[in-house]
Amino acid sequence: MRFDEQYERYLALAGQALQAQADAIFQDGSRVSEAARYSLFSGGKRVRAVLCLAVCDMLDGEMLRAAAYAAGVEMLHCYSLIHDDLPCMDDDDTRRGKPSCHKAFGEDTALLAGDALQTAAFEAVAGAAGGGARNADAAVCLAGAAGARGMVYGQELDLCYETTRASESQLEQIHRHKTGALINAAVQMGAIAAGASGEQRRQLEEYAYGLGLVFQIVDDILDVTSTSEALGKPVGSDAHNGKSTFVSLYGVERAQQLAQQVNARACGALEPFGEKAAFLRSLADKLLVRRR
């Protein structure tokens, strides 16, 4: 199967699971639920959901279970975007080419919509088909990636370095938590759905964190080389907010070289999986050269 066809198949599975979860969880007539749906179904690449499903598929796991996990990680990711866009955080007015949630619904409703999506994520994971210890493991994995040891800590560090220039190691620390932790959770949850071994999960972790770092480096590059129309969100906001980025540290060309090096290492971690990892390698290569 061609890469594009396989990606679309995973997107369709994730979309069906997300729709089912939204229908079960969000209330008709609730403005908070409306705002949550607005952000959740506003488009996007669904990279985390695709990773979860692709890893499970590669390991011949339970795809129905993985689809619920994929929905959960996308809900969690969406909550983080709503909160990131708030005036007290990155203060962005657009997201995926549309008004950000707080611009469309107000700050109070957007805050609650993010909260609703965060809790819905764990409801989706805990209630996945099959039940049992795997769902508990997946929920713990997602919580660890999202909370004070993961994405929230990364956001804290990101805010801290708005006024102080970060070194490369400090930038990697920020984005290992802010971006990499949730990408790794998506990968690990796919592995959990397939009953992967500890060694398989370790190898996949190396791939996931490498992928997360490349994703962030490319984001930094696009923030200075792309347009708001192409990205669907403001460009130049990193410089406006005084943030340390890989571009501010090295410039565009060196940042691109670094992304290529990290990508090669990440794909190298997939060697034990042989040809079954072809989709994951191709996905990494596509994300390296993405334009939005």
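Just one of the numbered conditions (1) surrounded by 15 or more Cβ atoms within 10 Å (Cβ to Cβ); (2) modelled with pLDDT under 95; (3) under 24 Å from C56 (Cβ atoms) is not true of L157: (3).
Scanning region 140-152 for residues that are in contact with a Gly (Cβ under 8 Å, 6 or more places away or on another chain) and either surrounded by fewer than 20 Cβ atoms within 10 Å (Cβ to Cβ) or in a helix (DSSP H, G or I) (or both) yields L142, G144.
Residues in region 39-60: is at least one outside any helix (DSSP H, G or I), touching a Lys or Arg at 6+ places or on another chain (Cβ under 9 Å), under 22 Å from A191 (Cα atoms) and open to solvent by less than 40 Å² (accessible area, probe 1.4 Å)? Within region 39-60, one or more residues are outside any helix (DSSP H, G or I), touching a Lys or Arg at 6+ places or on another chain (Cβ under 9 Å), under 22 Å from A191 (Cα atoms) and open to solvent by less than 40 Å² (accessible area, probe 1.4 Å).
Applying the condition of being over 21 Å from D219 (Cβ atoms) and not aliphatic (A, V, I, L, M) to region 104-119 and asking which residue is surrounded by the fewest Cβ atoms within 10 Å (Cβ to Cβ) yields D108. A count restricted to region 245-254 and to residues that are surrounded by fewer than 20 Cβ atoms within 10 Å (Cβ to Cβ) and of a type in the set (A, V, I, L, M, F, W, C) stands at 2. Condition (residue is under 18 Å from the mean Cα position of the chain (by Cα), among the basic types (K, R) and within 30 Å of L204 (Cβ to Cβ)) applied to region 91-103: is it met by at least one residue? The answer is yes, given that some residue of region 91-103 is under 18 Å from the mean Cα position of the chain (by Cα), among the basic types (K, R) and within 30 Å of L204 (Cβ to Cβ).
When restricted to residues that are touching a Lys or Arg at 6+ places or on another chain (Cβ under 7 Å) and part of a helix (DSSP H, G or I), region 10-38 contains 3.
Every residue in region 165-194 that is open to solvent by 10 Å² or more (accessible area, probe 1.4 Å), modelled with pLDDT under 90 and either touching a Ser or Thr at 6+ places or on another chain (Cβ under 6 Å) or under 20 Å from D84 (Cα atoms) (or both), please. R165, the sole residue that qualifies.
Only one of the numbered conditions (1) open to solvent by 60 Å² or more (accessible area, probe 1.4 Å); (2) without any contact (Cβ under 8 Å) to a residue 40 or more places away in the chain; (3) on the phi > 0 side of the Ramachandran plot is not met by G130, and that is (2). The helices (runs of 4 or more DSSP H) falling completely within region 239-292 that include 2 or more residues that are under 20 Å from the mean Cα position of the chain (by Cα), within 22 Å of T225 (Cβ to Cβ) and not β-branched (V, I, T) map to 252-268, 278-288.
Within region 212-226, can one find any residue that is of a type in the set (S, T, N, Q), under 16 Å from the mean Cα position of the chain (by Cα) and modelled with pLDDT under 95? Within region 212-226 (the criterion being of a type in the set (S, T, N, Q), under 16 Å from the mean Cα position of the chain (by Cα) and modelled with pLDDT under 95), the answer is yes, since at least one residue qualifies. Flag: Y69 does not match the condition of being part of a helix (DSSP H, G or I), aromatic (F, W, Y) and under 29 Å from V235 (Cβ atoms).
Might you check whether a residue that is without any contact (Cβ under 8 Å) to a residue 60 or more places away in the chain, open to solvent by 20 Å² or more (accessible area, probe 1.4 Å) and over 30 Å from L204 (Cβ atoms) occurs anywhere in region 74-90? Yes, region 74-90 contains a residue that is without any contact (Cβ under 8 Å) to a residue 60 or more places away in the chain, open to solvent by 20 Å² or more (accessible area, probe 1.4 Å) and over 30 Å from L204 (Cβ atoms). Just to be sure I understand the filter: pairs with C-beta atoms under 6 Å, separated by 6 or more residues or on different chains, first member in region 47-60 and over 21 Å from T179 (Cβ atoms), second member crowded, with 24+ Cβ neighbours inside 10 Å and not hydroxyl-bearing (S, T, Y). Which pairs pass? Note: pairs meeting the criteria are C56/A66; C56/G190; C56/A193.
Checking each residue in region 87-145 for being hydroxyl-bearing (S, T, Y) and more than 20 Å from G44 (Cβ to Cβ) picks out T109, T119.
Of the candidates A24, A66, A17, A36, the single residue that is open to solvent by 60 Å² or more (accessible area, probe 1.4 Å) and touching a helix residue (DSSP H, G or I) at 6+ places or on another chain (Cβ under 9 Å) is A24.
The values are calculated or read from the model by the stated rules, or taken from the named source; none is laboratory data. Please read these numbers as outputs of a predicted model, since none were measured by experiment. Virtual Cβ from ideal backbone geometry, glycine too; neighbours counted across all protein chains shown. The accessibility values were calculated without ligands, DNA or RNA, using every heavy atom of the protein model including side chains. Shrake-Rupley method; radii C 1.70, N 1.55, O 1.52, S 1.80 Å.
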